[in-house]
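First comes the structure, then the notes that go with it.
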Amino acid sequence: MIVSAARLLGNAVVNTQGVPIGHLESIMIELASGRIAHAIVSHGGVLGLGARRCRVDWQDLRLDADGWRFMLERGFDTLARNPA
């Protein structure tokens, strides 16, 4: 499947139980290889105020194309350990 990065930005990020934990804010690309290196996930806050941004390795996210959301394969603690 090939989709525009713009189509993915803003989509929900949930844990493996489907509980929302944030949304995909940005996709970071390694220019030398052209591969996606990691994503920036925003979580917490209200209407963007007070939200925290965290780096998540791209391979730790899995797209649920039916619901257009990402499942974080690792625990929520991944976000706390990797501020953006």
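What follows draws every value from the coordinates through simple rules; no lab data is involved. Everything numeric here is computed off the predicted structure, so don't read it as measured data. As a convention, Cβ positions derive from the backbone with ideal geometry for all residues, glycine included, and neighbour counts pool all protein chains shown.
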(message) Quick check: pseudo-label points 7 Å beyond the Cα along Cα→Cβ at D64 and T16, how many nm apart are they?
(response) 1.4 nm
(request) Within 10 Å of each residue's Cβ, count the other Cβ atoms and sort M28, M1 from fewest upward. (result) M1, M28
(message) Give me the dipole magnitude in Debye, nearest 20, for region 5-81 about the Cα centre, with unit charges on the beta carbon: positive for Lys and Arg, negative for Asp and Glu.
(response) 160 debye
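Subtracting the Cα-Cα distance from 0.36 nm times the residue separation, let me have the gained length for L9 to L49 in nm, one decimal. All intermediate terms of the calculation are to be shown ahead of the outcome.
On the way: separation 40, 0.36 × 40 = 14.40 nm, distance 1.79 nm.
That works out to 12.6 nm of additional length.
Would you mind calculating the gained length between M1 and R74 on full extension (0.36 nm times residue separation, minus the Cα-Cα distance), in nm to one decimal?
Details: separation 73, 0.36 × 73 = 26.28 nm, distance 2.34 nm.
Residue separation times 0.36 nm, minus the Cα-Cα distance, leaves 23.9 nm.
Taking the Cβ of Q59 as the centre, find all other residues whose Cβ is under 12 Å away and add up their charges (Lys, Arg: +1; Asp, Glu: -1). Mind dumping the intermediate values first?
Numbers: positive: R35, R62, R74; negative: D57, D60, E73.
Residues near Q59 contribute 0 overall.
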